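Please treat every number below as a calculation from the coordinates, not as lab data. Since we're looking at a predicted model, the values are computed, not measured. Please note: Cβ atoms are built from the backbone with ideal geometry, for glycine as well, and neighbour counts cover all protein chains shown.
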Amino acid sequence: MNTANLFSIVFIVVLVAGLILRFWLAARHVRHVVQHRETIPTPFAKRVALETHQKIADYTVTKIRSDLILLLLNTALLIGFTLLGGLQWLSTTILHLSGIGMVHQMGLLLVFAGISAAIGLPFAYYQQFVLEQKLGLNTTTPITRKQFFTDIIKGMLLGLVIGLPLLWIVLRLMEKTGNGWWLCAWLLWSGFQLFKLYPNFAAPLFNKLVPLKDKRLQSRINDLMQRTDCTSKNIMVMQNTNQNPYTHAYFPGSGANRYTVLFDTLLAQLTPKEMEAVLAHEIGHLKLKHLAKRITMMLASSFVFFAILGFLKNQAWFYSGLGIDSANQDAIALILFMLVVPVFTFPLSPLTSYLLRHQTLAADAFAIKHIHPRDLTAALVKIHENFATTLTPDPLYCMFYDMYPPVMARIDRFKQ
């Protein structure tokens, strides 16, 4: 048995095993949610109606089934692109239209991205406008159909404006810099990822910020800053934000020039004590240097992946084992790597998400040293009650799919 055939077999085995694992996890999650459909966790009993809890459970079950259908379609697409020769056919077809060169490679990448995005679009539309309305759920960030498609178009345009030049540079690096191209590409990618963090620190340039007017809350926050030895020049409110369950505030700047930015949606929900508790959690992330640790992990893991891609690009068995006739085609190497990596890395998901879950719990632990756990519990209850996410997820399912601990797991730790 040659190396290409062996790789094909390994790929199929890992793909099937991953598919079975995903279906098993989904079945566990559905069973766990259904078993707890009639019982609301105690901290939420006074805030969430049983009917709402049941609707969220039904939504979760239906969404999981929809996700599994999409998983099967994506798996079929993966097999079609690789083992059944679809990517080879697509490359040959575009080659006849464009000829050999950069236009062929860029065209192949664009068509592949378009096909991949088109598969998931109907499912996103169904979950947003059919499933949620059918069950009578109101999300915290409701959007119209016009906004839905406008956001998609904006995302596509942004991808073309930013993504195309980056892809062109990477392809040129692969063509011109020899076997060390992957290191240059990694440096480029790392610089881009660090640049993407820029708006988090320079958001005042792009979003409307106004000074916090609540003097009572301002006094509580200043006292909290002193207790946690955290400096903040000003306390600002970002207006017209879309709240999510994991981001509540951030701290642009550094040292004496650092200031605090709170989200207006959160201020409208919480009491001053609860807002103080949430901010104590965010200060925990800051004091424990969690962002720097995440960046380090991201850069280290991406270095490994680029090194592996640099090796595989020159291996004929990598191409032929995945249904490609000729080796060392730059655009095809990128596409094949993007297709194969999720297959082999999914079983490692609990390891990669452990750091973020641990950081959330560590920030909670920091917070309750400076505020009463009761206030943080009340804040978490209010924040999560408006989200169409189950309060009773399967723990093992969460380990694979969730980067953050379930809210009840966080609240239970406060009692300890």
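The stretch between N179 and Q54, if pulled fully straight at 0.36 nm per residue, gains 39.4 nm over its current Cα-Cα span.
Here the simple spin-label model places points 7 Å from the Cα toward Cβ, and for V130 and T3 these points are separated by 4.7 nm.
Ranking T39, F129, I383 by how far each Cα lies toward the positive end of the dipole of the chain (charges on Cβ) leaves I383 at the top.
Net charge in the neighbourhood of P41 (other residues with Cβ under 13 Å of its Cβ; Lys, Arg +1, Asp, Glu -1) is +2. Restricting attention to the range 41-123, which trypsin sites (Lys or Arg not before Pro) occupy a DSSP loop and are surrounded by at most 12 other Cβ atoms within 10 Å? Answer by residue number: K46. The long axis of helix 102-125 is offset from the longest Cα principal axis of the chain by roughly 50 degrees.
So if R0 is 60 Å, what FRET efficiency would L77 and T271 give, r being the distance between their Cβ atoms, rounded to the nearest 0.05? Efficiency, from the Cβ-Cβ distance: 0.75.
Among residues other than A388 with Cβ under 10 Å from its Cβ, the summed charge is +1 (Lys and Arg +1, Asp and Glu -1). Over 22 Å between Cα atoms: which of K208/K293; K213/K233; K289/K369 fall into that group? Result: K208/K293 exceed 22 Å. Note on K382: aspartates and glutamates with a C-alpha under 12 Å away, same-chain residues under 8 apart excluded, are E274.
DSSP bridge analysis restricted to the chain gives an antiparallel fraction near 60%, rounded to the nearest 5. Between A17 and M297, the contour length at 0.36 nm per residue exceeds the alpha carbon distance by 98.1 nm.
Here the dipole of the chain is about 980 debye; that uses its Cα centre as origin and unit charges on the Cβ of Lys and Arg (positive) and Asp and Glu (negative). Between the helical axis of 3-35 and the longest alpha-carbon principal axis of the chain there is an angle of about 30 degrees. Taking the chain as the reference, fit the longest principal axis to its C-alpha atoms, fit the long axis of helix 330-345 to the helix C-alpha atoms, and give the angle between the two in degrees, 0 to 90, nearest 10. In the chain, helix 330-345 runs at an angle near 50 degrees to the longest axis. Bridging of K313 to lysines at a Cα separation below 25 Å is possible for K176, once same-chain residues fewer than 8 apart are set aside.
Using only side-chain charges placed at the Cβ, +1 for Lys and Arg and -1 for Asp and Glu, the dipole size of the range 325-385 relative to its Cα centre rounds to 420 debye. When the range 1-61 is described by a simple charge dipole with +1 on each Lys and Arg Cβ and -1 on each Asp and Glu Cβ, the residue from I12, V48, Y59 located farthest towards its positive end is V48.
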